1. Would any residue of region 22-66 have its amide N under 15 Å from a label point 7 Å out along Cα→Cβ of residue 151? List them or say none.
2. Sorted from fewest to most neighbouring beta carbons within 10 Å, what does the list 51, 260 look like?
3. Report the full-extension gain for the segment residue 158 to residue 237: residue separation times 0.36 nm, less the Cα-Cα distance, to one decimal in nm.
4. Which shape class applies to region 1-152: rounded if a/c is under 1.5, otherwise prolate when a/b exceeds b/c and oblate if not, where a ≥ b ≥ c are the square roots of the Cα gyration tensor eigenvalues?
5. Relative contact order for the chain: what percent, with Cα pairs under 8 Å and sequence separation of 6 or more?
6. Residue 114 versus residue 166, label points 7 Å from Cα toward the beta carbon: distance in nm?
7. Using Cβ contacts closer than 10 Å as the measure, can you line up 268, 162 from fewest to most?
8. Rank these for me by crowding, 211, 236, 106, going from fewest to most other beta carbons within 10 Å.
């Protein structure tokens, strides 16, 4: 046991549950579906980090390890990303969502046929087939009826969550029933068979990308724009125009004219990127940054949500502690 292996996960868990309570309270006030799903995602975050704290402080067990892997590797990023998908349901963001699901499925397929994960080919093939159907359905729905795309994405996620839940809870584990990095004592997924590990792509990769680029897209919507490429070029136009618009956004910030959602959503995007990066490094044996990235990422997302007028109109702990006037919603801006 090391000090940071206990303190950082504990901090992440406590902050996650407090954050979840605030978001779910906002959902209770406003009944917005994206807030409910974000709240669920933050509860998952708290459980995953809590299992890390428990393992570091009191010792790992098979139950704690399975809980950590199921929630952390499959649910956290997926449900936080799904909340962003629901927020942007009236926009063309569904095209990107469908693409990330396809990309995650493709990575699962490629991983499953690598020597690193023996015996995982069938799981990879099935995962890719499901991701292919789901991704195409999301893209098709975006083209014809945008709000339906978010519902399809949520439906696929819920059904897939049940499936991977069964597989993770029943998969045989290598002795002693969990796996830790020998140097840092950070948990790794190596105790699970390859057919389970290759399933994570459409969950954590697609979820993280939706959360990151959903934040960037939202910032782009609200910042003063310099359009270099026409909107019909979709994702490429957003990426290029976002970069081209940054100098104007910085100038507006200095003059006090920048919409508060711009720094808020950029903080959320950066906060999502950090644990996404450190989790990916963990998969390939670089574990020293795992707990730190988890905590810093959550902290940045928390600050970003507090800054966002659209998300936190009131802050309450039993009673209203702080309130501000509503402004135009993201949906009305981009719908």
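Please treat every number below as a calculation from the coordinates, not as lab data. All of these numbers come straight from a predicted model, not from anything done at the bench. All Cβ positions, even for glycine, are placed from backbone atoms using ideal geometry, and neighbour counts span all protein chains on display.
1. 33-34
2. On the way: 51 25, 260 14.
If I rank by nearby Cβ atoms, fewest first, I get 260, 51.
3. 25.3 nm
4. Values: a/c = 3.28, a/b = 1.19, b/c = 2.75.
Note, shape of region 1-152 comes out oblate.
5. Rounded, it is 18 percent for the chain.
6. It is 2.8 nm.
7. Sorted ascending by nearby Cβ count, the order is 162, 268.
8. Listed from fewest to most nearby Cβ atoms, that is 236, 106, 211.
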